[in-house]
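Notes to accompany the following structure.
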Amino acid sequence: NESHNYSAVLRTAEALGYHHVWVVAPPTLDIDAAIAKRQPRRAKNVWKQDEDDLREHVAYAKRASKWLQLRFFADSDACVEALRADGREIWVTDLSQAAVCLTNAKMRLPARLAVVIGTESTGCSPTMLSAADRRIYMPLHGFADSLNLSA
């Protein structure tokens, strides 16, 4: 559920003390449109629980976003331009051989850092990968090779 992921990401960011969340091509949080897409497929009230869940997730996201500075971008180019203008070093998650483990003892965090996380299915966009000052990955110790963004 996209709205659940979106609100979970905002809650996680707020809980970890991140103050800035920049989103490229954000998921639509038009509750009524999301609900309307579901209802024609089933009889009336079948999706009542989904409707209630969606409204609850959006409410949580709104509460978390009260403490966050959110910025939205139509595309990756605009986001990269804003990150550079803000003086941020860009680290992009990547599973290629070019990526360095995030727990590498030799890595030092820059004063102004942006960590870019892509989608679970396709990863980061080619634009973000090209803009990366460093490509990174997080080590996982188990059978899973990826995590949901909200984890």
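The values are calculated or read from the model by the stated rules, or taken from the named source; none is laboratory data. Note that the structure is a prediction, hence the values are computed from the model and not measured. Quick reminder, even Gly has a Cβ in these numbers, built from the backbone with ideal geometry, and neighbours come from all protein chains shown. Please note that ligands, DNA and RNA were not included when accessible areas were found on the heavy atoms of the full protein model with its side chains. Shrake-Rupley method; radii C 1.70, N 1.55, O 1.52, S 1.80 Å.
Quick check: net charge around residue 69, other residues with Cβ under 12 Å of its Cβ, Lys/Arg +1 and Asp/Glu -1? With Lys, Arg at +1 and Asp, Glu at -1, the neighbours total 0.
Surface listing: 22, 67 arranged by accessible area from highest to lowest gives 67, 22, probe 1.4 Å. On full extension, the segment bounded by residue 115 and residue 98 gains 4.5 nm, given 0.36 nm per residue less the C-alpha separation.
Taking 0.36 nm per residue of sequence separation and removing the Cα-Cα distance, the residue 122/residue 81 pair yields an extension gain of 12.5 nm. Full extension of the chain segment joining residue 70 with residue 143 gains 22.9 nm, where the gain is 0.36 nm per residue of separation less the Cα-Cα distance.
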